[in-house]
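Have a look at the structure below, then the notes.
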Amino acid sequence: MVDVQLRVNGTIETLDLRPRVSLLDALREHLGLTGTKKGCDQGACGACTVLVDGERINSCLTLAVQYTGRSITTIEGVAGGGEPHPLQTAFIRNDGFQCGYCTSGQICSAIGMLAEHAAGAPSAVTEHLASRAELTDVEIRERMSGNLCRCGAYNGIADAIGEVAAAAAVQEVTETGAVRRGSAAGAARQATTAEAAR
Amino acid sequence: MTLTQAQSPPRPGASGRLVGKPIDRVDGGAKTSGAARYAAEYPYPGLAYAALVHSTVARGRITGIETAGAAAVPGVLAVITHENAPAMKPAPPMSVLNLSSLATGTRVNYLNTDEVHWNGQPVAVVVAETQDAALHAATLVRVTYEEFAATVGFTAEEPNAKPQKSDMLQSGSASKGDAEAALAAAPVSVDLRFTTPQHNHNAIEPHATTAVWDGDRLTVHEGTQNVAWVRDHLAARFGIPAGSIRVISPYVGGAFGGKTMVWAGTILTVLAARVTGRPVRMMLTREGVYRTVGGRTPSAQRVALGAGADGRLTSLIHTSVTQVGRVGGGPEQVTSQSRHLYDAGAILVRQSLVELDTLSNTIMRAPGESIGTFALEAAVDELAYKLDLDPIEFRMRNEPERNPIDGKRFAHRMLREAYALGAERFGWSARTPEPGSMRDGRWLVGMGVASAYHPSWQLPANVTVRLSADGTVLVRCGFHEMGMGGATAQAQIAADALGVPFEAVRVEYGDSVLPTGPGAGGSGQTASVAASLLTACEKLKRSMLALARRSSGSPLRGRRLNGLRARDGGLWTEPGPGETYAAILARAGRPHLEVAVGSDTRVGAMVGQARFMAKFLRDRRRWMKAACGAQFCEVRVDPDTGEVRVSRWVGAFDVGTVINAKTAAAQLRGGIVMGIGMALSEETLVDPRNGRIMNPGLGEYHVPVHADIPPIDVCYLGDPDPTMPLGLIGVGEVGITGVAAAIANAVHHATGRRVRDLPITLDKLL
């Protein structure tokens, strides 16, 4: 057994775990945060997507012990100050789900994906790698392809993300007049994770 | 109890027609915040975890089972095998007189036998303090077998197929005239063979059960499409009264038919909880789902069509071979649509079965029609080309006035209108018919169409409706929600019927303590519940009026219901006086008024079932009821790699009244998405030597991803079916039908190649 200290949704959690326990099982079975879903436990479906220091990962493919001291955000923690995250309301408005089981992963993945895009990370369908790709429907769909939805709510999900991205872009331009910059290295690392998940 | 939405008292003037509106789902907040709890997410003190060990042979006898290694893993509580498992009763015999007997996944009495009947059958269950310990220990159980000869190859067994017998629910064959002779005499004809592989549902939530015994009482959290079937089946297997079992299933993480029957995982979780005296949770691994939950049967189909030079069909022949497991499963209505779609002079349909030493096949979204429409609608396209006719024009020339196979009337049929609407939205007139004639840069562009068709079903539903003095309404019915938006739709219906605002209605579902609802299947749930709910609302208004009329002070005194309108939270004369339900209840000193439709007493249930069967058979004699539609797609094919991309989709449907424009469109789109997977990538690969599924995971079984799905334009005619409650026809399954054919036809238009073997992978185009 090993001591693992995780910062989950802003709270420090100390767990005594067998080293083989995945981050996903630590969240669901040990911390009772069942909003993060297990769909395949093999990194193939994306239902378990959470954010680690703002980057999206498949929590089923990682061991909890790897994340000692890191800051983890699950679906339970994406809302801020009592207000739902804009993606949460956009998913409802655009009917971006049916059964709801992939939804937590889709929303967490979309948050991570928007940050990657804002940091300038290209995708497999980006034509000019040097310039920041416009977040078209095709770009969104490519970047979200690590998150499966068997109910087939893909149109609604892409619409919800597109709507939030467009609103954010407008806000960005009006507030700062400049493009927000992030860690390009982090974004690239994340893009690799998304590729692997597919 | 499940609270599906916030409930607030009605505001004056807030009522109005809600049916048809694109209202947001009532469970949206729960599903987007992670608050919605699925079957494996109920905490219990002392909860233990279970994991399965699967057989590695298709048929045989267990000669030895070594459990010491597993038992030695720290935290392991029990390793249950056939050597130490308590006795369970066998599955009840199947009978159409007891519909819940159809719930049996397989007839194997798990861990009560040393016999192995398919490759993957559970042969042991490990129970441990933690999830990881259970899964790890399960890998340490060593089993030896005496292996018997097994028949596992579908294609090899196909020549030995036997004709399917007809029963009350399903017909194995039908004919009109001499179709073979008409085919031989036809000036233009095709005679084609189509094949489709096994498919698996792959709901993103793996099957999961949490089982808790309290003495002889049992609580089960289960993701299921039928809480009553799970309850009744467990009662039969564990020898306890159904009344001692509660099955709770408010959220189901996708199902598509795969969570209709009761499979091994459910039974063995209950058994594990019995043995250990602990609450036990088991979520199947993704591989475990493939090994223990059946999929859609593979099929081999023959479609032969003959026509005159005038483009009128003289002969239509559709035969099919599908598989069942020797331990369970059933026939698929592969030829269903071929009895109804075309006005052919002579028709022959026949379904045959092979029996294999494999896991039972089971129902999966539009069982029968999903793969049957692929063969029929691709063959129709081929014949249209031979006749040099536009495929839509060819279909319109053969559009029947009455049900072709038997001359029954159609309850509703607007396929012509669906094609007209779809063709316009899609821009079909811009298509040049010559294969390979349309290009976009280096991409070959193809456009294809196909008909969608799915019969509509209506099942019994018991419902209670309670109207409280604060004006709120509580609808209770044990129906199911795996993404269809059932509670939202029924709240809309109740609010309209009673004249209260949407927000005033709360719907409870997904629990076996509720009045027994229909299973989620056959695209029949919404109509089934709506029929009873409308009757209940009518009864409630009558009771409410009777209550008002007892008081001399009521403005409704002396009024009849048919002269009143339900609106603004009460009953009103038009345009004169009336009063709110709240006022009526307050005056009578009643906290609420409740009515019931259907009964769950023993006698009541028998009466309900008899009434259902009588109506079912009477309806079937009178009408052919179905949803139909026209699927239009555009594909792009890379001429060098054979890669197929779906670039546009329009589906135009005749589904009667749409209750919720948002959720109905979602259901139709979802069917199309699953159909795209079926057409281009989905295939369960079975090792023909030993019957083992070789790709039991989402990394190797390819369901569509975001990048594969373009914006899908779904539209419907909105014309009510006069024989269905509110005129609604179910939308859950019709969406997948015709999809694979539309894609195959578009691929032919793009490339000139006919692929008659699904999926259309790029190797078949090179």
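The values are calculated or read from the model by the stated rules, or taken from the named source; none is laboratory data. Here the structure is a predicted model, which is why all the values come from computation and not from measurement. Every residue, glycine as well, gets a Cβ built from its backbone with ideal geometry; the counts of neighbours run over all protein chains shown. Please note that ligands, DNA and RNA were not included when accessible areas were found on the heavy atoms of the full protein model with its side chains. Shrake-Rupley method; radii C 1.70, N 1.55, O 1.52, S 1.80 Å.
Listed values, structure above:
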item	result
Condition check for B:Leu353: among the hydrophobic types (A, V, I, L, M, F, W, C), closer than 21 Å to B:Lys165 by Cα and touching a residue at least 60 places away in the same chain (Cβ under 8 Å)	yes
Segments classed as strands (runs of 3 or more DSSP E), wholly inside the range B:462-559, with at least 2 members that are in contact with a Ser or Thr (Cβ under 6 Å, 6 or more places away or on another chain) and within 27 Å of B:Val247 (Cα to Cα)	B:505-508
Some residue of the range B:279-291 being out of contact with any Leu (no Cβ under 7 Å at 6 or more places or on another chain), surrounded by 24 or more Cβ atoms within 10 Å (Cβ to Cβ), away from chain A (no Cβ under 14 Å) and modelled with pLDDT of 95 or more	no
Residue list for the range B:708-760, restricted to those being open to solvent by 40 Å² or more (accessible area, probe 1.4 Å) and either under 26 Å from A:Val138 (Cβ atoms) or not in a loop (DSSP other than H, G, I, E, B) (or both)	B:Asp708, B:Pro711, B:Asp713, B:Tyr716, B:Leu726, B:Thr751, B:Asp757
Strands (runs of 3 or more DSSP E) wholly inside the range B:159-273 containing at least 3 residues that are open to solvent by less than 30 Å² (accessible area, probe 1.4 Å) and in contact with a strand residue (DSSP E or B) (Cβ under 8 Å, 6 or more places away or on another chain)	B:188-196, B:208-214, B:217-222, B:245-248
Which listed residue, of B:Thr113, B:Thr130, B:Thr106, is crowded, with 23+ Cβ neighbours inside 10 Å and not acidic (Asp, Glu)	B:Thr106
Unmet criterion (only one of (1) touching a residue at least 60 places away in the same chain (Cβ under 8 Å); (2) over 22 Å from A:Glu13 (Cβ atoms); (3) not small (Gly, Ala, Ser)) for A:Thr68	(2)
Every residue from the range A:124-162 that is over 15 Å from the mean Cα position of the chain (by Cα), farther than 19 Å from A:Gln98 by Cα, open to solvent by 20 Å² or more (accessible area, probe 1.4 Å) and within 14 Å of chain B (Cβ to nearest Cβ)	A:Ala124, A:Val125, A:Glu127, A:Leu135, A:Thr136, A:Asp137, A:Val138
Residues that are within 24 Å of B:Gly277 (Cα to Cα) and either in contact with a His (Cβ under 8 Å, 6 or more places away or on another chain) or among the acidic types (Asp, Glu) (or both), drawn from the range B:129-157	B:Glu129, B:Asp132
Some residue of the range A:10-19 being touching a Lys or Arg at 6+ places or on another chain (Cβ under 8 Å), more than 10 Å from every other protein chain (Cβ to nearest Cβ) and not in a loop (DSSP other than H, G, I, E, B)	yes
Pick from the range A:88-110, criterion surrounded by fewer than 24 Cβ atoms within 10 Å (Cβ to Cβ) and touching a residue at least 24 places away in the same chain (Cβ under 8 Å), ranking: farthest from the other protein chains (Cβ to nearest Cβ)	A:Asn94
Matching option when the condition is under 25 Å from B:Glu205 (Cβ atoms), within 14 Å of another protein chain (Cβ to nearest Cβ) and out of contact with any Leu (no Cβ under 6 Å at 6 or more places or on another chain), among B:Gly105, B:Gly120, B:Gly34	B:Gly34
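Yes or no, residue by residue, for (1) more than 21 Å from B:Phe410 (Cβ to Cβ); (2) away from chain A (no Cβ under 12 Å); (3) under 19 Å from the mean Cα position of the chain (by Cα); (4) in contact (Cβ under 8 Å) with a residue 40 or more places away in the chain:
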position: B:Val658; (1), (2), (3), (4): no, yes, yes, yes
position: B:Ala665; (1), (2), (3), (4): yes, no, yes, yes
position: B:Ile709; (1), (2), (3), (4): yes, no, no, yes
position: B:Thr723; (1), (2), (3), (4): no, yes, no, yes
